[in-house]
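The values are calculated or read from the model by the stated rules, or taken from the named source; none is laboratory data. Everything quoted here is computed from the prediction, not taken from an experiment. All Cβ positions, glycine included, derive from the backbone under ideal geometry; neighbour counts span all protein chains shown. Just so you know, the surface numbers come from the protein's heavy atoms only, side chains and all, with ligands and any DNA or RNA stripped out. Shrake-Rupley method; radii C 1.70, N 1.55, O 1.52, S 1.80 Å.
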Amino acid sequence: MKQSLLAHLVAFIAALVAAGQVHATDYTWTGSTSGNWSVSANWSSAPVFNAANGIIFSGTPGNLTNFIDVDRTIGAITFDQLASGVSIRLDNGASTGRILTLGNATVAPTITVVGTSFVTHTIGSTGVGSVALGGNLTVDVDSGVFETLLTIARPISGGFGITKEGTGFLYLNATNTYTGKTERIGRIVEMHA
């Protein structure tokens with residue numbers, strides 16, 4: 001009986017991972033060396049960037065303004081109870097734009113913001129780079145006591161949509177070309193072009 005229960009539990013967890021509900025590995029940003037995502041010392045452990053893994057900004061990390069120096073794919077981004085806003089630049093630290101792909105056809109991407117103070121987190125804070133949807137994106141911005149904002153400031157492309165959940169604000173501040181639906185559950189999604 002115990003073996004059967006264990007087998008079912010293992011199968012259930014494997015199905016959740018395959019469905020994008022649980023990420024294989026989460027890497028926490030420390031920003032201890034620089035703002036470059038490629039520097040392993042900036043993470044809790046050397047990250048493997050792919051659609052199955054997630055990244056977390058939590059506590060009081062260094063280099064809250066950081067950048068992807070090459071095109072990256074990631075399954076989840078979590079901003080967890082930060083006192084200051086995080087700014088993810090979609091460039092190489094200079095002027096070359098990069099693409100941040102969120103998820104893929106088998107892993108539904110997520111962005112989660114857990115707020116405890118009035119902060120704004122920004123993806124694409126410079127004038128170059130873009131975001132590509134590799135799957136239907138769920139954005140959950142939970143304000144807690146204070147207003148929390150997430151801004152995606154660069155164009156979003158892809159054949160998928162965005163579902164906004166939570167009581168915080170999501171701002172889409174570019175001319176986006178993604179073709180899926182934009183659904184709102186909870187608070188405001190503002191789109192500017």
If I model a spin label as a point 7 Å beyond the Cα along the Cα-Cβ vector, how far apart are those points for SER58 and SER84 in nm? 2.0
Amide H within-cut-off set for ILE77, under 5 Å, with H built and near neighbours excluded: ILE55, THR110, ILE111, THR112
Just to check I understand the Karplus step: with θ = phi - 60° and J = 6.51 cos²θ - 1.76 cosθ + 1.60, what whole-Hz values come out for the stretch 52-66, glycine and proline as x? 8, 10, x, 10, 10, 10, 8, x, 10, x, x, 6, 5, 8, 9
What ranking, highest mean first, results for peptides 133-141, 50-58 when packing means the other Cβ atoms within 10 Å averaged over each residue? 133-141, 50-58
What are the extents of the Cα atoms of the stretch 58-193 along their three principal axes, in Å, largest first? 35, 33, 29
For GLY129, distant residues with modelled amide H under 5 Å away: GLY97, ARG98
Find the accessible area per residue for the stretch 100-165; the probe is 1.4 Å, ligands and nucleic acids are left out, and the unit is Å². 33
How far is it, in nm, from the label point at ALA94 to the one at SER40 when both lie 7 Å from their Cα along the line to the Cβ? 2.6
What are the residues whose amide H is under 5 Å from the amide H of ASP26, where those residues sit 5 or more places off or on another chain and H is modelled from the backbone? GLY54
May I ask you to give the percent of accessible area on the stretch 81-193 that is carbon plus sulfur, with a probe radius of 1.4 Å? 52
Residue separation times 0.36 nm, minus the C-alpha to C-alpha distance between THR33 and THR167: what's the value? 44.8 nm
In order over the stretch 78-90: 3J(HN,Hα) from phi, Karplus 6.51/-1.76/1.60, θ = phi - 60°, whole Hz, x for each Gly or Pro, gives 10, 10, 10, 6, 8, 7, 10, x, 9, 10, 9, 7, 9
For the stretch 28-39, Karplus-derived ³J(HN,Hα) couplings (6.51, -1.76, 1.60; θ = phi - 60°; whole Hz; x for glycine and proline) come out as 9, 6, 10, x, 6, 10, 6, x, 8, 4, 6, 7
What's the ranking of 163-169, 36-42, 85-91 by average number of surrounding C-beta atoms within 10 Å, highest first? 85-91, 163-169, 36-42
